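Asker: Starting off with a structure, shown below.
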Amino acid sequence: MTSVQKQDLRLFDDHSVLSQSLFRPENHHALFVTHKLGTSPAWLINALLETHILGAPLTLNESQASAINTANRRLANAVTRSTKNTAIASWVHNSEFFHSALGKLKIDPSRYKVHDYLSDFVLKYHGKTGQKILKNLVQELTAEPKPDFLILEQPELLLHLLNISSDELHLDFINQLTKIIPLIVIVSYTEAYDNPGTDTSERISANMIEQIRFSNGCVFKSIAVLGIRPLKTGRAKDVTGTLTITRGGASLSHLPIEVAENEYLFQTQKDTTKLFYR
Amino acid sequence: MASLSSQNPSVILQRILSLKESTPFILVLDSIGRSGHCILDEVAREAESSTTVIYVSFESTRKPDYATYFIEGCSTVSRLLDSIQPFLPSPEQSKLSKGKYLIMIDCINFVTAPNTVQLITQLVSPSVALVAVAHKNHPEYRPAELENYPSSLQLLQFMASSILELFPATVDDTAEQELESQLQRLEIPRGLNSPTYKLTLTNRRKSGRALRYTFKCDSTAHTFTPIQEDISQAEAQEGTEALEGLTTFNLNTSNKQRVAKEQVALPFLEAQSFNTGGAIVYEFEKDDDYDEEDPYEDPF
C-alpha cells in the first residue's frame, strides 16, 4: 500500500474541502457525516476543523512533524484567518479531546470554541422542558462571536436525553442553527439504522422510528453526505475503511459549485490518516 | 393503464407542471435516492409569472428565488394554517384576481396523519393549488388506537389528483435491488440525486380513471422523455388485433371514442366532492315518474 498514490481530500468540484461559496452572505448549508461501528469520524472532524481554521486538512496524508511545520507557517502568516469563528458541540467527547487533537498542530484554543455537552449535561439541564433546553442550546451555540462553521457531534442523542421527537429536534434545533450559521456539519452514528421501508409490515420500535426520521431528515437537508464505513470484506492491515462523498438531498443549483462525488479508502495510523483511491 | 390512452404523456406532464391541468393537489413522492426539490423547481419554472408562490419549508432555511412568500414550517397544523392563510386570497379576491396561487410544502411528512386531511382541505381551493413533497420510506409513529387508520402517505396518495413519484436512474432491476438494500442501511452510493432521474406520473382523470406514465427526466435540460412508450403502443396494437375477426361486429374503439370514454365522469365522483355531506344526489329528469303525494318517494 505504501506505493499507492495518496489522494487529497476534496468535497467540491472547485477542488476545495470547504468551498468559499458556501460562506457567501445569506447562504446556509449543512453537511452530513455518517459513521459506523469500528470507523471513528474523529480524523474527518479534525480535517474539517483544520480546513476551516488553517485553510487545508493538514493532518491528512502528512506525517505529524510535517503537518506541524505547515501549520506553524500558516498560523504565522494567517492573522486574517482569525476573523473566522469555528465551534464544535459534542455529546460524546469532552473539550479535552478536541484541545488535544488540535493542540498537536499548535492551534491556539482561542481560534475555536468547544461546547462540551458530554460532561454534566443532565445535571445542568435537570428539570427543564425539552423545548426550553433546545432554546438554551441554540442561544449558547449562536452566542457572540457568532460561529460561521459549527460541527455537531451526535446531536441525535438529544432525542433520548430530552425525550423529544425527531421533528422537534429538526424544527427547534437544527433548523434554528442553520438559519443563523452559514455552514453546519452534523455527525451521526448510523450503525443501528435499519429502515425496512413503509411498504413492509415489519414493526419498528418508536425509538428506531425517531432515529430513522432524524437521519433521513439530515440527508434531505444536507448538500453533501460523507459516509464513513468499514471495509465490506472485513479487516485489512493496510485499509481502515472507506469514505464516500455523495450529493445530499438539498439543491446546490444556486451556487457555482457541485459536490465532487468520490470514494476514498482510508488508513488511520497513530496521528495521521492517509487517503487513497480504490 | 397508459396503454389505451389517447393523450400524449409529455403534454399531460407539461400541463400538470404548469398548473394548466385541473389538479389542485399534486403530490411529489421522493426518496433519499432522488429528492423532490427538482420537481418544485420545475413547477416554479413552468408556472406563469403572475403566480403567487407561497413556499412552506420544513427542511430548508433558504428562500428559493421563485418564492413570493417564505413560511417556516411548524408541527402544529392550526399554527401552520394561521401563518399561511393571510397570504391566500379571500373568496371575493379569488373571483377578481387573474393570477393563481401556489403553495409548495417541501416536506409534508412533518404533518401527522390525523392532521393531513385538515391541512389539505383547508388550503386547496379553485384558485389555490398545492404541491407537496412527501418522503417515502420515512417511518411514522402510529399510536395503538390509530393502528387501523391509514398512514399519512396512504391518505396523501388517496387525496392527490396527480402523483409524481421520483426514482434514481438505475440500469436494471438488480441494480435497483442493490441500491434499495444499501439505502436500507443508509449507505449512500455515488450517482444519486443526479440531474437525470426517473419519474412516474399518476394522473387521476375527472372520470376517476388513473393514467400512469413513466418518464426519463433531465433537470438541467428540463426534458421529460416518456419511456416504455414502445411497449404500451405494442400492447395497444395487440389489444386491437385480438378483437379483430372475432365477430361480425366491430369491437374496436376509434380514437374519438376513446377520448369520449375518458371524459365520462363516473357517478361515485360526486360523492367525493365533500360538499354534499353524504346526501343522496338526485337529479330529476323529464321522464322520471314522480308522485307528489307519496312521502317515501321524495328524493330531495
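Bear in mind that the values in this text are calculations on the coordinates, not laboratory data. Predicted model, so just to flag it, every value in this text is computed and none were measured. Cβ atoms come from the backbone with ideal geometry, glycine included; neighbour counts cover every protein chain shown.
Asker: Peptide A:172-182: average number of partner chain Cβ atoms within 10 Å per residue? Don't skip to the end; give the middle numbers.
Answerer: Details: counts 2, 0, 2, 7, 2, 1, 4, 3, 1, 0, 0.
That works out to 2 on average.
Asker: Which trypsin sites (Lys or Arg not before Pro) from the stretch A:188-227 combine a DSSP loop assignment with at most 11 other Cβ atoms within 10 Å? Could you put the intermediate results ahead of the total?
Answerer: Details: sites: A:Arg203, A:Arg213, A:Lys221; in loops: A:Arg203.
Taking the stretch A:188-227 and a limit of 11 other Cβ atoms within 10 Å, the loop trypsin sites (Lys or Arg not before Pro) found are A:Arg203.
Asker: What do you get for GluC sites (Glu not before Pro) in the stretch A:149-239 restricted to DSSP loop and a cutoff of at most 12 other Cβ within 10 Å of the site's Cβ?
Answerer: Values: sites: A:Glu153, A:Glu156, A:Glu168, A:Glu191, A:Glu202, A:Glu210; in loops: A:Glu156, A:Glu191, A:Glu202.
Those that pass, being in a loop and sparsely packed, are A:Glu202.
Asker: Calculate the dipole size of the protein assembly as shown relative to its Cα centre from +1 charges on Lys and Arg beta carbons and -1 charges on Asp and Glu beta carbons; express the result in debye to the nearest 20. Could you put the intermediate results ahead of the total?
Answerer: Numbers: 54 positive and 70 negative charges, 725 e Å.
In debye, rounded to 20, the protein assembly as shown gives about 3480.
Asker: Taking H placed 1.01 Å from N in the peptide plane, check which residues at least 5 places from A:Phe12 or on another chain put their amide H under 5 Å from its amide H.
Answerer: Counting only residues 5 or more places away or on other chains, the set is A:Ala260.
Asker: Under 10 Å, Cα contacts only: if you run a Gaussian network model on chain B, which one of B:Leu13, B:Leu164, B:Leu88 comes out with the highest mean-square fluctuation?
Answerer: Its mean-square fluctuation being the largest, the pick is B:Leu88.
Asker: What residues have an amide H closer than 5 Å to that of B:Phe25, excluding those fewer than 5 places away on the same chain, when H is modeled at 1.01 Å from N in the peptide plane?
Answerer: Counting only residues 5 or more places away or on other chains, the set is B:Leu130, B:Ser161, B:Ser162.
Asker: Another question about this same structure. Mind ranking B:97-108, B:247-258 by how tightly packed they are, going by the mean number of other C-beta atoms within 10 angstrom, highest first? The partial results should precede the final answer.
Answerer: Working: B:97-108: 20.8, B:247-258: 10.2.
Result, highest mean first: B:97-108, B:247-258.
Asker: Which far-off residues, 5 or more places away or on another chain, put their amide H under 5 Å from the one on A:Ala224, with H placed in the peptide plane?
Answerer: The answer is A:Phe32, A:Gly248.
Asker: Which peptide among B:59-69, A:41-51, A:127-137 comes first, and what is the full order, when sorted by highest mean count of other Cβ atoms within 10 Å? Provide the component values of the computation, followed by the final result.
Answerer: On the way: B:59-69: 17.5, A:41-51: 22.0, A:127-137: 15.1.
Most protected by this proxy first, the peptides run A:41-51, B:59-69, A:127-137.
Asker: Ranked from highest to lowest mean number of other Cβ atoms within 10 Å per residue, what is the order of the peptides A:25-31, A:184-190, A:266-272?
Answerer: Working: A:25-31: 17.1, A:184-190: 24.1, A:266-272: 14.6.
The peptides rank, most packed first, as A:184-190, A:25-31, A:266-272.
Asker: Further, regarding this structure: Can you work out ³J(HN,Hα) from phi for every residue in the stretch A:266-278, in order, using Karplus 6.51 cos²θ - 1.76 cosθ + 1.60 and θ = phi - 60°, giving whole Hz and x for Gly and Pro?
Answerer: Computed from phi, the couplings for the stretch A:266-278 are 9, 10, 9, 9, 6, 9, 10, 10, 10, 10, 9, 8, 5 Hz.
Asker: Loop only by DSSP, 13 or fewer other Cβ within 10 Å of the Cβ. Give me the trypsin sites (Lys or Arg not before Pro) in the stretch A:36-109 that pass, ordered by residue number.
Answerer: On the way: sites: A:Lys36, A:Arg73, A:Arg74, A:Arg81, A:Lys84, A:Lys104, A:Lys106; in loops: A:Lys36, A:Lys84, A:Lys104, A:Lys106.
Listed in order of number, the matching sites are A:Lys106.
Asker: Moving on. Net charge around B:Leu192, counting only other residues with Cβ within less than 10 Å of its Cβ (Lys, Arg = +1; Asp, Glu = -1)? Display every interim value, and only then the final one.
Answerer: Details: positive: A:Arg247, B:Arg34, B:Arg190; negative: A:Glu261.
Net local charge, B:Leu192 excluded: +2.
Asker: Other chains near B:54-63: what is the mean number of their Cβ atoms within 10 Å of each residue's Cβ?
Answerer: Details: counts 0, 0, 0, 2, 7, 13, 10, 11, 9, 1.
That works out to 5 on average.
Asker: Taking θ = phi - 60°, what integer Hz values does the Karplus form 6.51 cos²θ - 1.76 cosθ + 1.60 yield along the stretch B:164-169, in sequence order, with x for Gly and Pro?
Answerer: 10, 10, 9, 9, x, 6
Asker: On a full-extension model of 0.36 nm per residue, what is the gain between B:Gln182 and B:Ala265, subtracting their alpha-carbon distance, rounded to one decimal in nm?
Answerer: 25.5 nm
Asker: While we're on this one: When you have a sec, figure out the Kirkwood radius of the stretch A:105-258 from all distinct Cα pair distances and drop it here in Å to one decimal? Don't skip to the end; give the middle numbers.
Answerer: On the way: mean 1/r = 0.0560 Å⁻¹.
Computed over the stretch A:105-258, the radius equals 17.9 Å.
Asker: Follow-up question, since we're still on this one. How long is the gain from B:Ser83 to B:Ala144 if the chain were fully straight, where each residue apart is worth 0.36 nm and the alpha carbon distance is subtracted? Spell out each step's value before the answer.
Answerer: On the way: separation 61, 0.36 × 61 = 21.96 nm, distance 3.15 nm.
Between B:Ser83 and B:Ala144, full extension yields 18.8 nm more.
Asker: Okay, moving on. If the only charges are +1 at each Lys and Arg Cβ and -1 at each Asp and Glu Cβ, what is the size of the charge dipole of chain B around the Cα centre, to the nearest 20 debye? Present the calculation step by step, with values, prior to reporting the outcome.
Answerer: Numbers: 25 positive and 42 negative charges, 320 e Å.
In debye, rounded to 20, chain B gives about 1540.
Asker: Can you give the mean number of other chain Cβ atoms that lie within 10 Å of the Cβ atoms in peptide B:180-192? Please list the in-between numbers first.
Answerer: On the way: counts 1, 0, 0, 5, 5, 8, 17, 10, 12, 5, 8, 3, 7.
Across the residues of B:180-192, the mean count of other-chain Cβ atoms within 10 Å is 6.
Asker: Using R₀ = 30 Å, calculate the FRET efficiency as 1/(1 + (r/R₀)^6) where r is the Cβ-Cβ separation of A:Asp120 and A:Met208; round to 0.05. Don't skip to the end; give the middle numbers.
Answerer: On the way: r = 28 Å, r/R0 = 0.94.
Here the calculated transfer efficiency is 0.60.
Asker: Could you calculate the contour length gain from B:Asp218 to B:Ser125, that is, 0.36 nm times the residue separation minus the distance between their Cα atoms, to one decimal place in nm? Please report the intermediate quantities before stating the final value.
Answerer: Details: separation 93, 0.36 × 93 = 33.48 nm, distance 3.13 nm.
Extra length available between B:Asp218 and B:Ser125 comes to 30.4 nm.
Asker: Sticking with this structure for a sec: I'd like the Karplus ³J(HN,Hα) series for the stretch B:8-18: coefficients 6.51, -1.76, 1.60, θ = phi - 60°, whole numbers in Hz, and an x wherever there's a Gly or Pro.
Answerer: Per-residue couplings from phi come out as 7, x, 4, 5, 4, 4, 4, 5, 5, 5, 8 Hz.
Asker: Right, here's the next one. Let me test this: with uniform point scatterers at the alpha carbons of the protein assembly as shown, what is the Debye-based log₁₀ I(q)/I(0) at q = 0.06, 0.12 1/Å?
Answerer: Summing over Cα pairs of the protein assembly as shown leads to -0.38, -1.25.
Asker: Evaluate the distance, in nm, between pseudo-label points positioned 7 Å from the Cα of B:Thr196 and of A:Thr142 along their respective Cα→Cβ axes.
Answerer: 4.1 nm
Asker: Compute the distance in nm between two label points, each set 7 Å from the Cα along the Cα-to-Cβ direction, one at A:Phe276 and one at B:Ser254.
Answerer: It is 7.3 nm.
Asker: Further question on the same structure: Taking 7 Å along the Cα-to-C-beta vector as the label spot, tell me the B:Asn8-B:Lys286 distance in nanometres, rounded to one decimal.
Answerer: 4.1 nm
Asker: Where does the charge balance sit around A:Leu37 when Lys and Arg score +1, Asp and Glu -1, over other residues with C-beta under 11 Å from its C-beta?
Answerer: Numbers: positive: A:Lys36, A:Arg229; negative: A:Glu191.
Residues close to A:Leu37 contribute a combined charge of +1.
Asker: Turning to a different aspect of this structure: For a quick size check, give me the Cα extents of chain A along its three principal axes, largest first, whole Å.
Answerer: Extents along the principal axes, in whole Å: 50, 46, 39.
Asker: While we're here: Evaluate the Debye formula for the stretch B:85-142 with equal point scatterers sitting on the alpha carbons, no solvent, and hand back log10 of I(q)/I(0) at q = 0.12, 0.18, 0.22 Å⁻¹, in q order, two decimals.
Answerer: -0.36, -0.68, -0.90
Asker: While we're looking at this one, here's another question. Given just the C-alpha atoms of chain B, how large is their convex hull per residue in cubic angstrom?
Answerer: Once divided by residue count, the hull of chain B is 225 Å³.
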